[in-house]
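Chemist: Handing you this structure, nothing more for now.
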Amino acid sequence: MPLGSVLFAFVVGALILVVTGANPLDAYSGLLCGGLGLGCTQGENPALELSNTIVFTIPLITTGVAVALPFRAGLFNIGAEGQMLAGAVACTAIGIKFADLPTIVLLPMVLLGGMAAGALWAGIAGVLKATVGAHEVVTTIMLNYVAQWLIRFLIVGGPLELTSGTSKSHPIGAGARLATLLPSDNTLTVFGLPASVYRVHVGLFIALAAAAVFAFLLWRTSFGYEIRAVGQSQKAARYAGVSVRRTIILTMLIAGAFSGLAGAIQISGIDHNLTDKYFSDTTGFDAIAVALLGLGSATGIVLAALLFGALHSGGAIMQSDAGISSNLVLVLQALILFSIAANFIGAIRRGLPFGRGVTPTLPTELPPAAGLMSEAAAPPPEKT
Amino acid sequence: MGHKRLRFLGVVAAAMVFSLACGGTSGGGTPAKTYKIGLVTDIGGLNDKSFNHLADVGLEKAKTDFKVQGDVKESKSGDDYIPNLTDFAQKKYDLVIGVGFLMQEAVGTVSGQFPNIHFAIIDGAGTDSKGNDLKHPNVVSLYFKEQDAGAMVGAMAGWLEKNGKAKKNQHTIGAVGGISIPPVNHYIAGYKWAAKMEDPMIHVLVGYSNNFTDPAKCSGVAQSQINQGADVLFQVAGGCGLGVLQSAGKAGVYSVGVDADQKDADPSVIASALKKVDVATYTAIQNVVNNQFQGGALTFSIANEGAGYSVDNFDLPADLKTELDKIQSQIKSGALTPPADIPA
Amino acid sequence: MSALGDILHLLLTANLWQAALAAAVLLLLPALGGVISERSGVVNIAMEGMMLTGAFFSVVADLAWHNPWLATLVAIIAGGLMATIHAVVSIQFRADQIVSGIAINIFAAGLTVFLINRIYGLQDVGHVGPTEGLPYIDVHGLDQIPFFGQVLFNQNVVVYIALIVLVATHIILFRTRLGLRIRAVGEHPQAADTAGLNVFAVRYSAVITSGLLSGLSGAFLAIGISNTFVPNMTDGRGYIALAAMIFGKWTPFGAFIACLIFGVGQAVYDNNSIIHVSPYLLSMLPYILTLVVLAGVVGRSTPPAADGLPYVPGSE
């Protein structure tokens, strides 16, 4: 079914290309080359393209998990972006302040600091949801913007700015940095290019571990059971003795920690300083598509993150090779979202394109969050 | 649309005649090789109505003049700078151009990995994470003295105020910047400095829209300055600043465009401060084609016609013309040096 | 603090309120659209995308036909079409309305720049001439009223339209049978269906209306206040409109007051050439205020009961 959604998006995308006078084959072969290093015709280095895709994939996995976990509890975390930014800020601040500490101390500090900041950011939304019933979609959108402006405040003339007019922070200490898989060496040649161009870093394993933790937490722990119970029905969960309020807050805290980790990994593994690029970053929004497409399973999320990482990486190649604006990638991403959410493929397969006659069940692929809004609107749970 | 394009190229071409006398034998000999030029925009993209767009104009011009294959990558986020630069570099492009000072560190990194590939960067250098110029010999920095261009339009505004030739003549003018960052503040520094030089009584309002893409935000700041009595408004905010020009037009006061000649943006535009990113891009390409690439820095200023001003929807009084020519030649000779930081 | 005194002084000037009202109207139109859509039970966070689409097509149409009214119509229709996608996906296909809304916003951001590239090549989008934008209208006579004349009667034509839409939305929602139907569908769709209302038709109309209003706001932004299209020029206004809708507790006048508060904040910031305010902290303010409202500090903010729930005929 997710494959169907992706296929649907590419077919409609091809139609848009044809209508606007572009050749879909050129566009998609550019995406394929830039994304997966396959079928390159204009001298691209497949290993490099794949390496770039993986670099883009790493934060998508971790933030994807941060969206998928609350989904299971019937919560829609649109705030992965803001939580990630909070994590990036904390990681940078700690990495600068304690720049001289050795790796063994500093690296855990920046990563855990990032997780704590992300958890705090998400926790605000969780507490507001659990206590006064404020809808987490709205609160997390607001918190995203607050985080964005916080970054501008900090690095444009603010306390973290390197020197006046640089619009970026000091670099974090060497001990706060995640190692790359290949030595960051300009003289060593790997696959015909200097080893340092392959930026894949240890964060990949942390991200994969995060996905594994997500699966374990959700399916192998009693807390995971509580999350799923709350997601299925808050009422039933309450009868079963689950504290809905506690579950909501804890779920958001954990989700925020995942997002915060993503931000910390980006700073620690790739950027080493906070720059204005985080102001216009969209990883946390892409994560929503990743979580939906991955059907909330760890493997699914990793594969979906890989797809979106590949699209991101492929867009630039498509533009320089085929002359087609890389904004097409956004269009494709939106189409994938429409398709998953509306389950077009399922509707077509059932031969019932329009709603009235469709059997009254929600598409099974949708996370339970689809039905959450009624309870969101209801008075807050557990009046005690 | 077509004729506008041509007219624009005409302006560019005119600038070339003046500025590229040093170019040497660009027409001489027929280079058998097709030069591959890669342009990487910053997140503003090609339609930013500012320097990314101008860089592309320079590339297009080079494509018509030389045997050049020009390819563009628009960066969708800051994460794209390194992959985009690296892809061009590993394809052995003859010149890889990064647009904008946000790309400094990325250019520093990639130029170190590909010492045999030539890089150019607009508004910056190839730096390390502490902002130090790595001085890689394969990188040419293309800097601009925005303050030179700002000074010319500032002198114009100051003269109009002093001689009562503006609309309200309350000795008040304004400047609307995007964000308070160096490339913006250099313009404003020259503008304020020169306006004060012309009219010591002048009051220069400096505001920021905190934005580069939303004209309504700049329009609000402009309106506030107009309410304070400003009757010449200088926009230094890219696409956002179009709102300044528009607001000035509605209020019946003068406005000044930035980067490119913005005479078409609104009838209120009496002049534009030019930062010839197109000329710089073209020059960098031309140097590569002529095998004259040199690492280091090229600074584009009034002295080499890489910065300047255009008189737009306005009949320049002869006295003012004389005054501007005088200031321009003094800046050119070094007798006058507009400051890079906004004077008090 | 003298800055505070300066701000208070500013708040007494007509100039400030004139600017604040214009800024508020940019938010008000999508916010009213949100109110109508959510009152009918369809969550709408897609105002941003609808507005951006409207802005883009108003400029494309105005450049082609040199007629701001026709261009505005095109913008309204473009906004409406985006809303129709949202309606089909979330009403007909019963998709998650938030996912659909996010998809619309991403779609609009990508499509507009993609289309610039296809339509104008690598050239810039052109400028709309001064006589080809949406006009500013002084209401002669009324604009002479001290203070209020400048604030209320010296504005862009869209401001007047928006104020009329505001009053009309309030009357329709709370004083007419149509409004009763919309609210019934948003609160108790099953009951409304039983009572013979066509839930789908009401929801479709409400969602599409939100697109029309957002499209109009986009036209105001692009060919009223500006005279061209800049990628991403809506700059998050759709989301601030969403905040205003919640802040205003899903009522038209509540949303208007919220928009006005945000508009005043923007107008105060616009004076940063004379009063120095941290732009970043000020930019956070609408969002923090909304969080405070949501936290219940200013009373509960409760959405319509069936807001966000796809309606499945025959279900309970």
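Bear in mind that the values in this text are calculations on the coordinates, not laboratory data. What you see is a predicted model, and the numbers here were worked out from it, not measured in a lab. Neighbour counts are summed over all protein chains in view; Cβ atoms, including those assigned to glycine, are modelled from backbone coordinates with ideal geometry.
Chemist: Run down the aspartates and glutamates and flag those whose C-alpha is under 17 Å from the C-alpha of B:Lys63, throwing out any fewer than 8 positions away in its chain.
Modeler: In chain and number order, the partners are A:Asp321, B:Asp71, B:Asp94, B:Asp278.
Chemist: Another question, if that's okay. Sorting B:His53, B:His203, C:His86, C:His276 on the 10 Å Cβ count, fewest up front, what's the list? Kindly include the intermediate steps, with their values, before the conclusion.
Modeler: Working: B:His53 24, B:His203 16, C:His86 30, C:His276 11.
Ascending number of Cβ neighbours within 10 Å: C:His276, B:His203, B:His53, C:His86.
Chemist: Ratio to report: Rg/Rh of region C:207-289, with Cα atoms as the point set and Rh obtained by the Kirkwood method; give two decimals. Display every interim value, and only then the final one.
Modeler: On the way: Rg = 14.0 Å, Rh = 14.1 Å.
Using Cα coordinates only, the ratio equals 0.99.
Chemist: What distance in nm lies between label points placed 7 Å from Cα along the C-beta direction at C:His140 and B:Leu134?
Modeler: 6.8
Chemist: Which whole-Hz ³J(HN,Hα) couplings does region B:208-215 yield from phi under the Karplus relation 6.51 cos²θ - 1.76 cosθ + 1.60, θ = phi - 60°, glycine and proline marked x?
Modeler: Rounded to whole hertz, the list is 10, 8, 6, 6, 10, 10, 10, x.
Chemist: How large is Rg/Rh for region C:45-183, to two decimals, with Cα atoms and a Kirkwood Rh?
Modeler: Rg/Rh for region C:45-183 comes to 1.06.
Chemist: Return, for the Cα atoms of chain B, the radius of gyration and Dmax in Å, separated by a comma.
Modeler: Radius of gyration, then largest Cα-Cα span, for chain B: 19.8, 62 Å.
Chemist: For B:Lys165, list long-range residues whose amide hydrogen, built 1.01 Å from N in the peptide plane, is under 5 Å from its own amide hydrogen.
Modeler: Long-range HN contacts for B:Lys165: none found.
Chemist: Now for a different question. Sticking with the crude label model, points 7 Å out along Cα→Cβ, report the distance from C:Ala168 to A:Lys97 in nm, one decimal please.
Modeler: 5.6
Chemist: Determine the shielding of peptide C:285-296 by partner chains: average, over its residues, the number of Cβ atoms on other chains within 10 angstrom of each Cβ. Provide the component values of the computation, followed by the final result.
Modeler: On the way: counts 2, 3, 11, 5, 1, 6, 9, 1, 2, 10, 7, 6.
Mean partner shielding for this stretch: 5.
Chemist: Under a plain spin-label model, where a point goes 7 Å from the Cα along Cα-to-Cβ, how far apart in nm are B:Asp341 and C:His276?
Modeler: 1.3
Chemist: Measure out, as a whole number of angstrom, how far apart the alpha-carbon centroids of region A:180-238 and region A:40-107 sit.
Modeler: Here the two parts' Cα centres lie 9 Å apart.
Chemist: What fraction of the Cα pairs in the protein assembly as shown, stated in percent, has a spacing above 51 angstrom?
Modeler: Details: 98344 of 544446 pairs.
Cα-Cα pairs in the protein assembly as shown separated by more than 51 Å: 18 percent.
Chemist: If the viscosity is 1.002 mPa s and the temperature 20 °C, what Stokes-Einstein diffusion coefficient in µm²/s follows for chain A when Rh is the Kirkwood radius over Cα pairs?
Modeler: Values: Rh = 21.7 Å.
Stokes-Einstein gives a translational diffusion coefficient of 99 µm²/s.
Chemist: A further question follows. Within chain B, what percent of beta bridges assigned by DSSP are antiparallel, to the nearest 5? Provide the component values of the computation, followed by the final result.
Modeler: Details: 6 of 47 bridges.
Counting only bridges with both partners in chain B, antiparallel ones make up about 15 percent.
Chemist: OK, next. Kindly flag which residue pairs out of B:Lys130/B:Lys275; B:Lys168/B:Lys326; B:Lys91/B:Lys275; A:Lys277/B:Lys49; B:Lys165/B:Lys332 have an alpha-carbon separation exceeding 29 Å in this structure. Let's see the in-between values first.
Modeler: Working: B:Lys130/B:Lys275 27 Å; B:Lys168/B:Lys326 26 Å; B:Lys91/B:Lys275 31 Å; A:Lys277/B:Lys49 20 Å; B:Lys165/B:Lys332 27 Å.
Violating the 29 Å limit, Cα to Cα: B:Lys91/B:Lys275.
Chemist: Now for a different question. Could you work out how far helix B:318-333 tilts from the main Cα principal axis of chain B, as a 0 to 90 degree angle to the nearest 10?
Modeler: Relative to chain B, helix B:318-333 is tipped by roughly 40 degrees.
Chemist: Would you order C:Glu132, B:Glu146 from fewest to most other beta-carbon atoms within 10 Å of each residue's own beta-carbon? Before the final figure, lay out each step's value.
Modeler: Working: C:Glu132 17, B:Glu146 30.
Sorted ascending by nearby Cβ count, the order is C:Glu132, B:Glu146.
Chemist: Using a Förster distance of 51 angstrom, determine the FRET efficiency expected from the C-beta separation of B:Thr299 and B:Asn169, and round it to 0.05.
Modeler: 0.90
Chemist: Compute the convex hull volume of the Cα atoms of region B:233-344, divide it by the residue count, and report the result per residue in Å³ as a whole number. The partial results should precede the final answer.
Modeler: On the way: hull volume 17.0 nm³, N = 112.
Convex hull volume per residue, Cα atoms: 152 Å³.
Chemist: For every other residue with a beta carbon closer than 13 angstrom to the beta carbon of C:Leu197, add +1 if it is Lys or Arg and -1 if Asp or Glu, then tell me the sum. Could the numbers behind the result be given before it?
Modeler: Values: positive: C:Arg177, C:Arg181, C:Arg183, C:Arg203; negative: C:Glu187, C:Asp193.
Charge balance near C:Leu197 sits at +2.
Chemist: For the peptides B:185-196, B:68-79, what is the packing order when you average, over each peptide's residues, the other Cβ atoms within 10 Å and list the highest mean first? Before the final figure, lay out each step's value.
Modeler: On the way: B:185-196: 27.4, B:68-79: 22.1.
The densest-packed peptide leads the list: B:185-196, B:68-79.
Chemist: How tilted is helix C:177-187 with respect to the longest principal axis of chain C? Cα atoms for both, answer in degrees (0 to 90, nearest 10).
Modeler: 70
Chemist: Now for a different question. For B:Val236, list long-range residues whose amide hydrogen, built 1.01 Å from N in the peptide plane, is under 5 Å from its own amide hydrogen.
Modeler: Close amide H contacts, sequence-distant or interchain: B:Val176, B:Gly177, B:Gly178.
Chemist: Tell me, what ³J(HN,Hα) does each residue in region B:70-76 have, in order and in whole Hz, if you take phi through Karplus 6.51 cos²θ - 1.76 cosθ + 1.60 with θ = phi - 60° and put x for Gly and Pro?
Modeler: Here the 3J(HN,Hα) series is x, 10, 10, 10, 8, 7, 8 Hz.
Chemist: Considering Cα pairs under 8 angstrom that are at least six residues apart, work out the relative contact order of chain A and quote it in whole percent.
Modeler: 33
Chemist: May I ask for the angle, rounded to the nearest 10°, between helix B:81-90 and the longest principal axis of chain B, with both axes built from Cα atoms and the value confined to 0 to 90°?
Modeler: So the inclination is approximately 40 degrees.
Chemist: Taking a label point 7 Å from the Cα of A:Val213 along the Cα→Cβ vector, which residues of region A:261-278 have an amide N closer than 19 Å to it?
Modeler: Of the residues in region A:261-278, A:261-270 have backbone N under 19 Å from the label point off A:Val213.
Chemist: Under the Karplus relation 6.51 cos²θ - 1.76 cosθ + 1.60, θ = phi - 60°, what is the ordered set of whole-Hz ³J(HN,Hα) values for region A:43-48, x standing for Gly and Pro?
Modeler: Going residue by residue, I get x, 5, 9, x, 5, 5 Hz, with x marking Gly and Pro.
Chemist: Quick one: which residues, 5 or more positions from C:Gln155 or on another chain, have an amide H under 5 Å from its amide H? H modelled 1.01 Å from N in the peptide plane, none for Pro or chain starts.
Modeler: Close amide H contacts, sequence-distant or interchain: C:Ile137, C:Val139.
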